[in-house]
Structure formats: structure tokens, C-alpha cells
1. Quick one: pull the percentage of alpha-carbon pairs in chain A with a separation above 19 Å.
2. Under 15 Å from the Cβ of residue A:57, count the other residues' Cβ atoms, weight Lys and Arg +1, Asp and Glu -1, and hand me the total.
3. Summarise the partner chain shielding of A:34-47 as one whole number: the mean count of Cβ atoms from other chains within 10 Å of each residue's Cβ.
4. Given the options A:89, A:37, A:29, state which has the largest fluctuation in a GNM of chain A using a 10 Å cut-off (strictly under) for Cα springs.
5. Would you mind telling me which residue in A:81, A:65, A:92 has the biggest mean-square fluctuation in a Gaussian network model of chain A, where springs connect alpha carbons within a distance under 10 angstrom?
6. What accessible area, summed over both chains, is buried at the A-B interface (1.4 Å probe, Å², nearest 100)?
7. Please flag any cysteine in chain B that has no other cysteine's Cβ under 4.7 angstrom from its own Cβ.
8. Roughly how far apart, in whole Å, are the Cα centres of segment A:1-74 and segment B:31-78?
Amino acid sequence: GDSVTQTEGLVTLTEGLPVMLNCTYQTIYSNPFLFWYVQHLNESPRLLLKSFTDNKRTEHQGFHATLHKSSSSFHLQKSSAQLSDSALYYCALSGTSSGQKLVFGQGTILKVYL
Amino acid sequence: GALVYQYPRRTICKSGTSMRMECQAVGFQATSVAWYRQSPQKTFELIALSTVNSAIKYEQNFTQEKFPISHPNLSFSSMTVLNAYLEDRGLYLCGARERGRQDTQYFGPGTRLLVL
């Protein structure tokens with residue numbers, strides 16, 4: 001079945017340094033939808049980015065990601081980390097255009113320090 | 001804006017008893033609702049996908065007999081955890097999709113279930 005693999009566990013960064021959270025996926029679908037969700041403490045996941053277009057960069061709130069079907073990747077990046085970026089990040093995949101049935105990665109905790 | 005409410009936010013039940021949780025979409029019509037569970041130290045797993053006027057589709061390892069779902073209209077869905085045991089504890093998320101918004105799913109805050 002479909003699966004998503006993310007940078008494992010905890011990523012710690014000093015404020016101002018670039019952020020890179022890896023996400024790779026496996027799917028039987030030729031046109032998957034990829035998502036990044038961010039979950040702050042005691043909150044529900046919130047959509048950060050989404051894409052279904054190959055090799056097109058998508059950006060939101062300073063974060064960006066590009067879906068690369070050739071490498072089955074959708075890495076999340078930001079040029080300069082902020083303290084408020086500390087959260088749990090999930091990469092998710094949907095094989096259908098509805099984007100309803102999501103397969104989540106295991107999540108990556110990002111902690112940004114001064 | 002589009003909001004999803006879940007009730008209760010947190011609940012405790014005795015092992016072997018049942019617990020019902022609700023999901024309410026506000027500000028949009030939820031044509032489909034997905035229920036997910038996040039068990040301790042794990043990621044979110046899809047339990048079932050419910051679309052109005054269609055049969056509810058359960059994922060492998062989840063059954064209607066264990067997690068009956070009701071989706072009577074475009075703003076409300078409920079799910080019951082029957083005969084809850086320790087392995088059922090976790091955060092249950094409701095994700096609602098808006099009519100016409102094919103690729104956007106709004107999540108509620110979740111119902112955290114603790115089983116004693």
C-alpha cells in the first residue's frame with residue numbers, strides 16, 4: 001500500500017538556520033497529492049502546503065516544497081527558522097484527487113532554539 | 001471561515017465500555033468526513049471515510065462493528081468506539097472536506113480517549 005517516510009524523530013535548530021525536513025513516499029498512483037501539515041502543541045494538524053504538480057515549487061508562510069515524482073520526494077524547506085516554527089510536522093499523501101484519504105508519515109518534531 | 005469542532009475534547013472510559021464522539025463542521029458543507037486515530041507514539045491512521053449518500057468505507061483493521069459511524073447530514077458526523085480497550089486509546093481526529101474543495105481537508109481538535 002501507500003506509505004510516507006519522513007526525517008525521523010527530532011530535528012533541532014538554532015533560530016535563523018535553514019530548515020529541511022525530508023519526505024519520501026511510495027504510491028501506486030501516478031498523480032499523487034502531497035501535503036505538509038503542522039501540529040502545534042495541543043492543537044489539531046493544520047495544512048501548511050500541498051502540491052500535485054511535478055517539479056513545481058509551492059510556498060506558504062515562508063515554507064516551500066517541490067514535488068519531485070522522479071525521486072518520490074516532497075521535502076519541506078525554509079530559509080530561516082523561527083522559534084514559532086517549533087512544532088510537529090507531518091507529510092501526507094493522497095492517491096486521489098479528493099485528498100480525503102490521507103496516509104501520514106510518522107511525523108518530525110522540529111525544535112528551534114535561540 | 002471553515003471550522004471543525006469535536007466533542008468531547010477529552011474523555012475517560014472503563015475498559016469494555018463504549019464511547020461516542022462527535023464532529024461538527026461549521027461554515028461549510030462537509031460532503032465527506034474522515035476519522036483518524038493517533039495512537040500513542042504513532043502517526044495518524046485512517047479508520048474510515050464517510051461520504052454523504054454513500055456507504056462508509058472502513059480501512060483494514062477497522063470495522064463497522066467496532067467503530068460505527070453516523071453521517072446524517074452535511075454538518076455532522078459521529079463515531080462510537082465500542083467495547084473500548086487499552087489499544088483504543090489515543091487521539092481521534094475528524095477531517096472534513098468541503099464541497100467543491102477537492103484537495104482541502106479541515107481537521108478538528110480531536111477527541112482524546114483514555115481507557116482505564
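1. Summing the P(r) of chain A above 19 Å gives 40 percent of all pairs.
2. So the surrounding residues net to +2.
3. 3
4. Maximum fluctuation in the GNM of chain A, among the listed residues, is at A:29.
5. Residue with maximal mean-square fluctuation among A:81, A:65, A:92: A:81.
6. Counting protein atoms only, the buried area is about 1600 Å².
7. Flagged as lacking a Cys partner: B:13.
8. After rounding, the separation between the Cα centres reads 24 Å.
The values are calculated or read from the model by the stated rules, or taken from the named source; none is laboratory data. What you see is a predicted model, and the numbers here were worked out from it, not measured in a lab. Glycine also receives a Cβ, built like all others from the backbone with ideal geometry; neighbour counts cover every protein chain displayed. Just the protein is used for accessible areas: all its heavy atoms, side chains included, with ligands, DNA and RNA removed. Shrake-Rupley method; radii C 1.70, N 1.55, O 1.52, S 1.80 Å.
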